[in-house]
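Enquirer: Here it is, the structure in full.
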Amino acid sequence: MPQNADKVIDHEMLFREPEYQDIFARKKNEFEFNHSDDRIAEIKDWTKTKEYKDKNFAREALTVNPAKACQPLGAVYVANGFHKTMSFVHGSQGCVAYYRSHFSRHFKEPTSCVSSSMTEDAAVFGGLNNMIDGLANTFNLYKPEMIAVSTTCMAEVIGDDLNAFIKTSKEKGSVPAEFDVPFAHTPAFVGSHVTGYDNAILGILQHFWDGKAGTVPALERTPDESINFIGGFDGFVVGNMKEIKRIFDLFECDYNVLCDPSETWNTPTDGEFRMYEGGTTKETVIRALNAKATIVFQEYSCEKTIKYLKEKGHDVVVLNSPIGVAGTDAFVMELARLTGKPVPAQLEKERGQLVDAMADSQAHLHGKRYALYGDPDMMLGLTQFLLELGAEPAHVLATNGNDGWAKKVQALFDASPYGKTCQVYPKRDLWHMRSLLHTEPVDFLIGNTYGKYLERDTGVPLIRMVFPIFDRHHYHRYPIWGYDGALRTLIMFLDEFFETLDANTIIPGKTDYSYDIIR
């Protein structure tokens, strides 16, 4: 074989060696029993037609590659946003391995999470014993100050009662009676990761504000002048949270961040392993009940939580992942209203710098057509920013978007001359997006790492702006919210545009008439 101690070949080139090529050929001829290459090419070409697109969009009982993850992923995200909190997923070990690897591959940081390790016997007899043993092991091994419990499909299908199980576990001595174990039911077979985020953060607020599952008196609200911030499920949280805190600090206001995993997924390498780093403290959660207002950046990540906050008497400001000028303006003006203070001069300057940068580059992006997919709030933010740039968000798709979300996207289209030919697609998946890219081509695709297969199949260049991003490093360290975040987003759009332009004009003497050094 070509790989040996004297000749170590990277995987990129290793499988191009003759020995491997021979193995692949024999495997195909002797074991795959496939259709002929001509027949495969014929069917592949047919799947690029409008006829196939119509059949594709007519399907009802099948989802192919949805642009979403399951509820417990969002719950694990929430647990990582609270100080010295261990995420405990009541379900199978394999599910938890998926959540941990998903976050670790995106943030390039270890993600702590434990499982009750339910197997076949628990599926038949219930998972109470798994909960009793699991909570005891978690408490004694990892020394958390709080354990946040969520569920997977297995626990939900058999109907395990988390509230009863946790109380029984405390009676059995798994954890002290007064130890905080907030919980949320997060069935993975309905909703998505943003639903799980909503259920989990609501579970933590209810635990502390409503009497810890009936074991202590509920808290009484005494309104103060502080403001709460809830960011929602955010793959750029490391960069975004720094930017949001900076903006709050510029207003010199008293604020509480509810769920802040930005330090958990940004620990230093200095010889010390930090299982728990940063995060919202229990004291902050308790104090947050008294806030006069709560700013929520992602409506569809917090639907139940928003309702709960309003019931508690909070002035709830609901935004949709503010990206760009208008989105950030809305956030800044709400802060000015809530604090009674003028907009800081620094933010006014940053706004002007962003507008200047947009004016410098607008000619390159004007009229370019984009297809984008991802979570509902992010799609609203990106759509609004693209329209500000004079670009056309031709196809906006959210598998976890509902009809109400689609109406909000359509309202953005209707308010701009660049939205006239654009379409919104709620409850659709990436196989639908493939049909759109083949039959109604665009210039660029905005999505996550899984979009690279669409890029290869359709030739549409991919801009990675959506969680998860596995095949590029450190995007999460830079903000996309705020005026500075919009500038970063603008640069990502421009970089892909110029890279594509260079690639299309690179052949000497044939296409290099536009291979310029000045853009």
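The values are calculated or read from the model by the stated rules, or taken from the named source; none is laboratory data. Worth saying up front: this structure is predicted, and the values here are computed from it rather than measured. Every residue, glycine as well, gets a Cβ built from its backbone with ideal geometry; the counts of neighbours run over all protein chains shown. When the accessible area is computed, the model is the full protein with side chains, heavy atoms only, and any ligands, DNA or RNA have been set aside. Shrake-Rupley method; radii C 1.70, N 1.55, O 1.52, S 1.80 Å.
Enquirer: As an exercise: evaluate Pro72 against (1) closer than 16 Å to Ser435 by Cα; (2) in contact with a Ser or Thr (Cβ under 7 Å, 6 or more places away or on another chain); (3) not acidic (Asp, Glu) and give the number of the one condition it does not meet.
Expert: Result: Pro72 fails condition (1) only.
Enquirer: If we only count helices (runs of 4 or more DSSP H) wholly inside segment 1-55, which ones have 3 or more residues that are among the aliphatic types (A, V, I, L, M)?
Expert: Numbers: elements: 11-14, 18-27, 37-46.
Because the criterion is at least 3 residues that are among the aliphatic types (A, V, I, L, M), the helices (runs of 4 or more DSSP H) in segment 1-55 that meet it are 37-46.
Enquirer: While we're here: Quick one: Phe467 ticks every box in (1) within 26 Å of Asp360 (Cα to Cα); (2) in a loop (DSSP other than H, G, I, E, B); (3) among the hydrophobic types (A, V, I, L, M, F, W, C); (4) touching a Gly at 6+ places or on another chain (Cβ under 6 Å) except a single one, so which number is it?
Expert: Looking at each condition in turn, Phe467 falls short on (1).
Enquirer: Then there's this: Could you check segment 167-194 and list, in sequence order, the residues that are assigned to a helix (DSSP H, G or I) and out of contact with any Pro (no Cβ under 9 Å at 6 or more places or on another chain)? Explain how you work it out, then say what you get.
Expert: We begin by selecting, within segment 167-194, every residue assigned to a helix (DSSP H, G or I); these are 167-171, 193-194.
Passing the criteria: Lys167, Thr168, Ser169, Glu171.
Enquirer: Return the pair list, or none, for Cβ contacts closer than 7 Å from residues in segment 314-330 that are under 18 Å from Asn228 (Cβ atoms) and acidic (Asp, Glu) to residues that are open to solvent by 30 Å² or more (accessible area, probe 1.4 Å) and assigned to a loop (DSSP other than H, G, I, E, B), at least 6 apart or on different chains.
Expert: Asp315/Lys292
Condition check ((1) touching a Phe, Trp or Tyr at 6+ places or on another chain (Cβ under 6 Å); (2) assigned to a helix (DSSP H, G or I)) across all residues:
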position	(1), (2)
Ser87	no, no
Ala97	no, yes
Phe103	no, yes
Ala122	no, yes
Asn130	no, yes
Leu135	no, yes
Asn140	no, yes
Ile147	yes, no
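Enquirer: Can I ask one more? Regarding Pro182, is this residue closer than 16 Å to Tyr308 by Cβ and either touching a helix residue (DSSP H, G or I) at 6+ places or on another chain (Cβ under 6 Å) or free of Cβ contacts under 8 Å to residues at least 12 places away in the same chain (or both)? Talk me through it step by step, then tell me what you get.
Expert: Working: closer than 16 Å to Tyr308 by Cβ: yes; either touching a helix residue (DSSP H, G or I) at 6+ places or on another chain (Cβ under 6 Å) or free of Cβ contacts under 8 Å to residues at least 12 places away in the same chain (or both): yes.
Considered against the rule, which asks whether it is closer than 16 Å to Tyr308 by Cβ and either touching a helix residue (DSSP H, G or I) at 6+ places or on another chain (Cβ under 6 Å) or free of Cβ contacts under 8 Å to residues at least 12 places away in the same chain (or both), Pro182 comes out as yes.
Enquirer: Still on this structure, I have one more. Between a residue in segment 202-225 that is modelled with pLDDT under 95 and any residue that is open to solvent by less than 70 Å² (accessible area, probe 1.4 Å), which pairs come within a Cβ distance under 6 Å, given they are 6 or more apart or on different chains?
Expert: Partner pairs satisfying both residue conditions: Ala213/Asn163.
Enquirer: Moving on. From the list Leu437, Leu382, exactly one residue is farther than 22 Å from Gly327 by Cα, out of contact with any Cys (no Cβ under 9 Å at 6 or more places or on another chain) and among the aliphatic types (A, V, I, L, M). Which is it? Full working, then the answer.
Expert: Details: Leu382 fails: farther than 22 Å from Gly327 by Cα.
After ruling out the rest, the residue left standing is Leu437.
Enquirer: Tell me the residue from Pro441, Pro479, Pro508, Pro417 that is touching an Asp or Glu at 6+ places or on another chain (Cβ under 6 Å) and not charged (D, E, K, R), please. First the steps, then the outcome.
Expert: Values: Pro441 fails: touching an Asp or Glu at 6+ places or on another chain (Cβ under 6 Å); Pro508 fails: touching an Asp or Glu at 6+ places or on another chain (Cβ under 6 Å); Pro417 fails: touching an Asp or Glu at 6+ places or on another chain (Cβ under 6 Å).
Sole residue among the options that is touching an Asp or Glu at 6+ places or on another chain (Cβ under 6 Å) and not charged (D, E, K, R): Pro479.
Enquirer: Restricted to segment 455-482, and to residues that are within 15 Å of Phe236 (Cα to Cα), touching a helix residue (DSSP H, G or I) at 6+ places or on another chain (Cβ under 6 Å) and not hydrophobic (A, V, I, L, M, F, W, C), which residue is surrounded by the most Cβ atoms within 10 Å (Cβ to Cβ)?
Expert: So the residue we want is Gly482.
Enquirer: So which residues in segment 184-242 are open to solvent by 40 Å² or more (accessible area, probe 1.4 Å) and within 30 Å of Pro268 (Cβ to Cβ), if there are any at all?
Expert: Lys242
Enquirer: A further question on this structure: Among the residues of segment 409-430, write down those that are part of a helix (DSSP H, G or I) and surrounded by fewer than 18 Cβ atoms within 10 Å (Cβ to Cβ).
Expert: Taking segment 409-430 and keeping what is part of a helix (DSSP H, G or I), we get 409-414, 417-419, 430.
Hits for segment 409-430 are Gln410, Ala411, Asp414, Pro417.
Enquirer: Give me a count of the residues in segment 107-145 that are open to solvent by less than 60 Å² (accessible area, probe 1.4 Å) and under 19 Å from Glu171 (Cβ atoms).
Expert: Filtering segment 107-145 for residues open to solvent by less than 60 Å² (accessible area, probe 1.4 Å) gives 107, 109, 111-118, 122-123, 126-128, 130-132, 134-136, 138-139, 144.
Still in the running and under 19 Å from Glu171 (Cβ atoms): 116, 126-128, 130-132, 134-136, 138-139.
Result for segment 107-145: 12.
Enquirer: Glu17: acidic (Asp, Glu), more than 30 Å from Leu141 (Cα to Cα) and under 27 Å from the mean Cα position of the chain (by Cα), yes or no? Before you say what the answer is, go through the steps one by one.
Expert: Numbers: acidic (Asp, Glu): yes; more than 30 Å from Leu141 (Cα to Cα): yes; under 27 Å from the mean Cα position of the chain (by Cα): no.
Spelling it out, it is not the case that Glu17 is acidic (Asp, Glu), more than 30 Å from Leu141 (Cα to Cα) and under 27 Å from the mean Cα position of the chain (by Cα).
Enquirer: Of the numbered conditions (1) open to solvent by less than 70 Å² (accessible area, probe 1.4 Å); (2) within 30 Å of Ala148 (Cα to Cα), Arg100 satisfies every one except a single condition; which is it?
Expert: (1)
Results for (1) closer than 30 Å to Ile247 by Cα; (2) β-branched (Val, Ile, Thr); (3) modelled with pLDDT of 95 or more, shown as yes or no for each residue.
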site: Met465; (1), (2), (3): yes, no, yes
site: Ile469; (1), (2), (3): yes, yes, yes
site: His476; (1), (2), (3): yes, no, yes
site: Trp481; (1), (2), (3): yes, no, yes
site: Asp516; (1), (2), (3): no, no, no
site: Arg519; (1), (2), (3): no, no, no
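Enquirer: Next question. Considering only segment 231-283, how many residues are among the aliphatic types (A, V, I, L, M) and without any contact (Cβ under 8 Å) to a residue 24 or more places away in the chain?
Expert: Taking segment 231-283 as the starting set, the residues that turn out to be among the aliphatic types (A, V, I, L, M) are 237-238, 241, 244, 247, 250, 257-258, 275.
This time we only want the ones that are without any contact (Cβ under 8 Å) to a residue 24 or more places away in the chain, so: 241.
Count: 1.
Enquirer: How many residues are over 26 Å from the mean Cα position of the chain (by Cα) and of a type in the set (A, V, I, L, M) when one looks only at segment 286-301?
Expert: Matching residues across segment 286-301 total 3.
Enquirer: Run down Asn80, Asn56, Asn4, Asn34 and say which single residue is surrounded by 11 or more Cβ atoms within 10 Å (Cβ to Cβ), over 30 Å from Gly279 (Cα atoms) and among the polar types (S, T, N, Q). Show your work before the answer.
Expert: Working: Asn80 fails: over 30 Å from Gly279 (Cα atoms); Asn4 fails: surrounded by 11 or more Cβ atoms within 10 Å (Cβ to Cβ); Asn34 fails: surrounded by 11 or more Cβ atoms within 10 Å (Cβ to Cβ).
Only one candidate passes the filter, namely Asn56.
Enquirer: Can you tell me how many residues in segment 21-39 are more than 25 Å from His11 (Cα to Cα) and among the aromatic types (Phe, Trp, Tyr)?
Expert: Qualifying residue count, segment 21-39: 1.
Enquirer: Of all residues in segment 243-279, which are aliphatic (A, V, I, L, M), in a loop (DSSP other than H, G, I, E, B) and open to solvent by 10 Å² or more (accessible area, probe 1.4 Å)?
Expert: Let us first name the residues in segment 243-279 that are aliphatic (A, V, I, L, M), namely 244, 247, 250, 257-258, 275.
Now restrict to residues that are in a loop (DSSP other than H, G, I, E, B): 258, 275.
Within segment 243-279, Met275 is the sole residue that qualifies.
Enquirer: Can you find a residue that is under 23 Å from Gly381 (Cβ atoms) and either surrounded by 14 or more Cβ atoms within 10 Å (Cβ to Cβ) or without any contact (Cβ under 8 Å) to a residue 40 or more places away in the chain (or both) anywhere in segment 500-519? Full working, then the answer.
Expert: Residues of segment 500-519 that are under 23 Å from Gly381 (Cβ atoms), as a first pass: none.
The answer is no; no qualifying residue exists.
Enquirer: Working only within segment 453-470, note down all residues that are among the charged types (D, E, K, R) and farther than 23 Å from Ser321 by Cβ. Lay out the reasoning, then the answer.
Expert: Within segment 453-470, the first condition is being among the charged types (D, E, K, R), and the residues that meet it are 455-457, 464.
Matches in segment 453-470: Glu455, Arg456, Asp457.
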